[in-house]
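The values are calculated or read from the model by the stated rules, or taken from the named source; none is laboratory data. Please read these numbers as outputs of a predicted model, since none were measured by experiment. Heads up, the Cβs are rebuilt from the backbone with ideal geometry, glycines too, and the neighbour counts pull from every protein chain shown.
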Amino acid sequence: MSRTSLTRFLIEEQHARRINADLRQLVAVVARACTSISIAVSKGALGGVLGDAGTGNVQGEAQKKLDVISNEILLEANAWGGHLAACASEEMDHSQPVPSEYPQGDFLLLFDPLDGSSNIDVNVSVGTIFSVLRAPPGVEQPGDTHFLQPGVQQVAAGYCIYGPSTMLVLTVGHGTHAFTLDRETGEFVLTQRGMQVPADTREFAINMSNQRHWEAPMQGYVADLLAGREGVRGKDFNMRWIASMVADVHRILTRGGIFIYPWDRKDPSKPGKLRLMYEANPMSMLVEQAGGAATDGRRRILDIQPEQLHQRVPVFLGSRNEVAEATRYHREHD
Ligand code: AHM
Ligand code: MG
């Protein structure tokens with residue numbers, strides 16, 4: 001059976017005029033960087049890469065050594081190719097323009113270099129999430145403000161999951177496709193074209209330990225899920241929470257479900273835990289391109305106009321009928 005490599009897939013997308021040569025190169029470079037991160041992650045204790053880096057990021061979170069290593073791998077890989085104008089990352093206070101000695105490209109790349117990194121030391125799946133926007137025309141050195149575009153303007157989005165196998169899940173706006181890393185050849189191979197999230201589900205993913213901090217419509221929605229077939233929903237629900245968004249979203253893209261990280265009262269200054277621009281937006285594009293839906297409980301996530309690079313947002317994403325149901329509880333409450 002002939003295999004479709006990521007390289008071939010991207011060239012075919014270019015021939016079909018769905019991406020241009022620069023975007024093809026950008027995605028290929030990100031995939032290569034993810035292969036390097038995958039190697040570093042899989043070495044575990046043998047690579048001396050586990051544990052804290054002893055530094056903090058702009059969100060006040062302790063950085064793991066692998067957070068820092070993954071960030072550097074992505075920055076270095078993307079610096080010199082000529083396809084990029086600037087990068088922004090969960091691990092950097094501000095965006096970083098491509099160094100002036102290198103050719104400047106048309107795209108802006110945002111990433112969470114190693115999402116779910118609290119799971120690294122316990123050998124549970126983690127991942128890299130990325131989002132690609134166009135640099136506004138005529139801007140020589142794009143800064144943070146040029147990244148503040150709603151998610152509908154993403155030209156590509158994806159994640160790489162470092163699990164039992166390493167997989168890249170990608171959209172360039174024409175479906176969501178999964179590639180598996182062949183560790184012997186170092187090549188990503190297309191293993192699922194056109195992923196589809198089932199419209200209905202009996203599985204939800206949420207950190208229940210925050211329940212007492214949720215607002216009223218969340219309390220009502222989850223109480224009805226837990227009531228099971230005896231309640232108004234009339235069916236039993238199962239629960240899963242990996243605490244690695246990439247792994248939870250990968251499960252939902254594979255077999256359906258709803259992933260929720262709602263607003264809570266723990267820290268009222270933060271509207272949710274997850275970041276809009278490099279977590280919620282790329283995941284929402286991937287899920288929508290697979291027939292699912294994503295809201296912040298009230299609005300479609302991809303329509304939100306960002307105001308800050310590291311802005312946070314509540315997230316409800318996955319099976320579209322279940323996301324509509326959770327959103328209905330919030331809208332009817334307002
Ligand atoms: P991170 O980017 O610092 O790793 O945080 C994001 C992660 C998500 O992957 C995951 O869904 C969530 O945090 C888990 O949060 P919690 O530990 O509150 O359950
Ligand atoms: Mg993250």
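Annotations
- Residues in the stretch 91-113 that are in contact with a helix residue (DSSP H, G or I) (Cβ under 6 Å, 6 or more places away or on another chain) and within 16 Å of ligand 1 (Cβ to nearest atom): 91, 110, 111, 112, 113.
- None of 108, 114 is closer than 24 Å to residue 286 by Cβ, within 16 Å of ligand 2 (Cβ to nearest atom) and either at pLDDT 95 or above or in a strand (DSSP E or B) (or both) except 114.
Per-residue answers, yes or no, for (1) in contact with a Pro (Cβ under 9 Å, 6 or more places away or on another chain); (2) surrounded by fewer than 22 Cβ atoms within 10 Å (Cβ to Cβ):
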site: 264; (1), (2): yes, yes
site: 282; (1), (2): no, no
site: 302; (1), (2): yes, yes
site: 313; (1), (2): yes, no
site: 323; (1), (2): no, no
site: 327; (1), (2): no, yes
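- The combined condition, being part of a strand (DSSP E or B), under 21 Å from residue 312 (Cβ atoms), within 16 Å of ligand 2 (Cβ to nearest atom) and touching a helix residue (DSSP H, G or I) at 6+ places or on another chain (Cβ under 7 Å), is not fulfilled by residue 133.
- One residue alone among 132, 126, 122 is within 18 Å of residue 31 (Cα to Cα), within 16 Å of ligand 1 (Cβ to nearest atom) and of a type in the set (A, V, I, L, M), and that residue is 126.
- Scan of the stretch 283-334 for residues that are closer than 14 Å to residue 199 by Cβ, assigned to a loop (DSSP other than H, G, I, E, B) and in contact with a strand residue (DSSP E or B) (Cβ under 7 Å, 6 or more places away or on another chain), ordered by number: 292, 319
- When residue 189 is tested against the conditions (1) under 22 Å from residue 298 (Cβ atoms); (2) outside any loop (DSSP other than H, G, I, E, B), the lone failure is (1).
- Meets criteria (under 22 Å from residue 285 (Cβ atoms), of a type in the set (A, V, I, L, M), away from ligand 2 (no atom under 16 Å from the Cβ) and touching a Ser or Thr at 6+ places or on another chain (Cβ under 8 Å)) for residue 84: no
- Residue check, residue 178 of a type in the set (Gly, Ala, Ser), in contact with a Ser or Thr (Cβ under 8 Å, 6 or more places away or on another chain) and part of a strand (DSSP E or B): yes
- Looking across 158, 175, 116, 163, one residue alone is touching a Gly at 6+ places or on another chain (Cβ under 7 Å), of a type in the set (Gly, Ala, Ser) and within 16 Å of ligand 1 (Cβ to nearest atom). It is 116.
- Selected residue [within 16 Å of ligand 2 (Cβ to nearest atom) and in a helix (DSSP H, G or I)] from 247, 243: 247
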